[in-house]
There are 2 protein chains.
Amino acid sequence: MIIPWLHAVTPECESILECVQIAVDIHPYVDAIHVRQKQWTARMMWDAVEQYREAGIPQHKLIVNDRVDVAAAANLRGVQLAYHSLPPHAVRAAFAQLLMGVSVHDEREARQAEQQGADYIIYGHVFPTACKPGREPKGEEALRRCRQAITIPIVAIGGITYDNIGKVISAGASGVAVMSGIWHDEHPALSARRYRESLMAAVQGTSMLRS
Amino acid sequence: MIIPWLHAVTPECESILECVQIAVDIHPYVDAIHVRQKQWTARMMWDAVEQYREAGIPQHKLIVNDRVDVAAAANLRGVQLAYHSLPPHAVRAAFAQLLMGVSVHDEREARQAEQQGADYIIYGHVFPTACKPGREPKGEEALRRCRQAITIPIVAIGGITYDNIGKVISAGASGVAVMSGIWHDEHPALSARRYRESLMAAVQGTSMLRS
């Protein structure tokens, strides 16, 4: 059985301390924590990463958003690139050691990311989410088409709940990325564990269907 | 005779095209062009660097502000770090190939930059400048003390004119960085050439005094 990925993405507005405290609680249940604060400077990200490490979060679970230099200098697992980031091919060529995720919103971008050497894509938002008010979600069928367009792993994002995880796994996602469902839950660790359990159940369900 | 450095620093508000056009005209007279737009994304910097290169600006004259990843991925000369950037020691360890400048405002910061492996510092602002309205300039004496505190080259910035270049060179600067004096001049290339000539004359003057 393939072990599905659970990525926890930090929300925009938290303090470093608050993020670190929650990360300490949830990290046993997740494969990656995305340090994503878009308004932060490189120094703030560096300081946050140091605090994550001091709190016992393994470096190999840390992925920073956009700042390839922070990921490389801090020897982290990887970087998550967006449309405003360095082109994936440039990052691939200069930073072979980093796991490189690319955030995409349609099949064309997904193909492009794969061609440029992405290790995986984050695709979304799949379901309605408060983070993207008024913007139409992609839905599972679009995720399924995206799955058919590329061969690298797809991490689904956007409105993922314990209950709809099965749908994205059935549609071909290799895992899910969750922000508010974990960070804004009253009990983040319990929520992360429940996401993990739902993911495992979904994968087992899919395996049984396939066997 | 030591050849002094002339760094041209791009202003904040220009379009990429405007910057590139001026850079084409001035680059024969300068040692480095700093791509400094603080509000730009990594992708905008990358695109700008590509345009600089296509316009014939040699990569070894390009230094980007803050974004170490852009400098490394584009194989540029170096990076200019500020207080909000990655710590110099972290950049030194992970990006040995890059020329690393650090912007400092006093002797303490200058020493720290040197200890962390900076190749040079930019120190300022030395004279009054429209870019820093209402903020007291450091003056030549502070520059002289900074020179005594460290051994790496000091590039003086802030209100440098053809006429006061002699003062900063006498105070121990190894070169100057100029923004509006070049970019906002009616004839940027003529201005850059005149800065270059003033610099050479100042160094020759200083050499004669010393010999």
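The values are calculated or read from the model by the stated rules, or taken from the named source; none is laboratory data. Note that the coordinates shown come from a computational prediction; the quantities given were computed from them, not determined experimentally. Don't worry about glycine lacking a Cβ; one is built from the backbone with ideal geometry, like all the others, and counts go over all protein chains shown. Ligands, DNA and RNA are stripped out before the accessible areas are found, and what is left, the full protein with its side chains, is counted by its heavy atoms. Shrake-Rupley method; radii C 1.70, N 1.55, O 1.52, S 1.80 Å.
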When the chain is fully extended, how far beyond the present Cα-Cα distance does A:Val24 get from A:Ile152, taking 0.36 nm per residue of separation? 43.1 nm
Efficiency of FRET between A:Glu50 and B:Gln39 - r from beta-carbon atoms, R0 35 angstrom, step 0.05: 0.85
In nm, spacing of pseudo-spin labels at B:Arg111 and B:Gln59 (7 Å Cα→C-beta vector): 3.9
Averaged over A:72-79, number of beta-carbon atoms from partner chains that fall within 10 Å: 3
Just to be sure I understand: if you take the accessible area of chain B alone plus chain A alone and subtract the pair, with a 1.4 Å probe, what total do you get in Å², rounded to 100? 1700
Taking the convex hull of Cα positions in region B:66-164, its mean projected area over all directions (nm²): 6.8
Kirkwood estimate for region B:78-132, i.e. one over the average of 1/r between Cα atoms, Å: 11.5
Approximate spin-label separation B:Arg145-A:Leu190, in nm, with each point projected 7 Å along Cα-to-Cβ: 6.0
How far is B:Pro58 from the same spot in each other copy, in nm, shortest first, if each label point sits 7 Å from Cα toward Cβ? 4.8
With a cut-off of 19 Å, note down the residues of region B:1-45 whose backbone N falls inside the zone around a label point 7 Å from the Cα of B:Arg135 toward its beta carbon. B:8-14, B:34-40
Taking a cut-off of 14 Å between Cα atoms, list the aspartates and glutamates near B:Lys61, but don't count ones fewer than 8 places away on the same chain. B:Asp25, B:Asp31, B:Glu50
Charge dipole magnitude, Cβ of K and R +1, D and E -1 - the protein assembly as shown, Cα centre, debye nearest 20: 540
Show that you can apply the helix-only estimate: for chain B, add -39,500 (n - 2.57) for every DSSP H stretch of four or more residues, divide by all residues, and state [θ] at 222 nm to the nearest 500. -12500 deg cm²/dmol
Here the averaged projected area of region A:1-85, based on the convex hull of its alpha-carbon atoms and given in nm², is 5.7
Centroid-to-centroid separation of region A:17-72 and region B:77-100 [C-alpha atoms, Å]: 20
Considering only DSSP beta bridges with both partners in chain A, what is the antiparallel share in %, to the nearest 5? 0
Can you give the convex hull volume of the alpha carbon atoms of region A:117-211 per residue, in Å³? 103
Less than 17 Å from a label point 7 Å out along the Cα-to-Cβ axis of A:Tyr162: which backbone N atoms in region A:26-53 qualify, by residue? A:26, A:29-30
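Going through the cross-link list B:Lys38/B:Lys167; B:Lys38/B:Lys138; A:Lys132/A:Lys167; B:Lys132/B:Lys167; A:Lys38/B:Lys138, which pairs have a Cα-Cα distance over 25 Å in this structure?
Beyond 25 Å: B:Lys38/B:Lys167; A:Lys38/B:Lys138.
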With all protein chains present, region A:6-210 has a carbon and sulfur share of its accessible area (1.4 Å probe) in percent of 49
For region B:167-172, 3J(HN,Hα) per residue [Karplus equation, 6.51 cos²θ - 1.76 cosθ + 1.60, θ = phi - 60°, Hz, x = Gly/Pro]: 5, 6, 5, 4, 7, x
If you project the alpha carbons of chain A onto the principal axes, what extent comes out on each, in Å, largest first? 46, 39, 37
With N set to the number of residues, divide the alpha-carbon radius of gyration of the protein assembly as shown by 2.2 N^0.38 Å and report two decimals. 1.15
